[in-house]
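Accompanying notes for the structure given below.
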Amino acid sequence: MRVLNLTPHAIVVDNGVDKKTYEPSGELARVNTETTVVGSVDGFEIVESTVTGDNLPVQEEGTYLLVSAMVKGLRPDRKDLLAPNTAKATRNEKGHIVSVPGFIL
C-alpha cells in the first residue's frame, strides 16, 4: 500500500518497533468553510461554520491519503483516508507532537 501525505508537514509514525517519516507530497487536502455571524459575546463575534467541500483526489486502488482528522471526519464515505493518531502522540517539552504511534482509519 502507498501512503500519500496531503498535509503541509512531515508525519512521523513510531510504534516503538518501526519508525517512518511521511514527507508532504506537495498536494494539500483542505476543506472549504463558509461562516455566518450568529451573535456576539463580550463584543466578540460568534459564527457558525458550514463545510462546502474538499479538494481530495479521486480514490485510487492501493493508495491511502494521509490527511488531518478534520478532513477525515468530514468524509466518512471515503475509506482511503488516514489521519495521524494524535490521541496517543509523543510530545516534546513544549507540547508539540514529535510522533504518533499509528493511524486512524
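The table below lists the values:
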quantity	calculated
Cβ crowding within 10 Å averaged over residues, with 3-16, 37-50 ranked highest first	3-16, 37-50
Amide H contacts of Ile104 (H built 1.01 Å from N, under 5 Å, at least 5 apart or other chain)	Ala83, Asn85
All-pairs Cα distance distribution in the chain, expressed in whole percent, bin size 10 Å	14, 38, 27, 17, 4, 0
Of the trypsin sites (Lys or Arg not before Pro) in the stretch 64-105, those whose Cβ has at most 15 other Cβ within 10 Å and which sit in DSSP loop	Arg78, Lys79, Lys94
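The numbers here are math on the coordinates, done by the rules we state, and not lab data. Only a predicted model underlies this, so the values are computations on that prediction, with no experimental measurement involved. Virtual Cβ from ideal backbone geometry, glycine too; neighbours counted across all protein chains shown.
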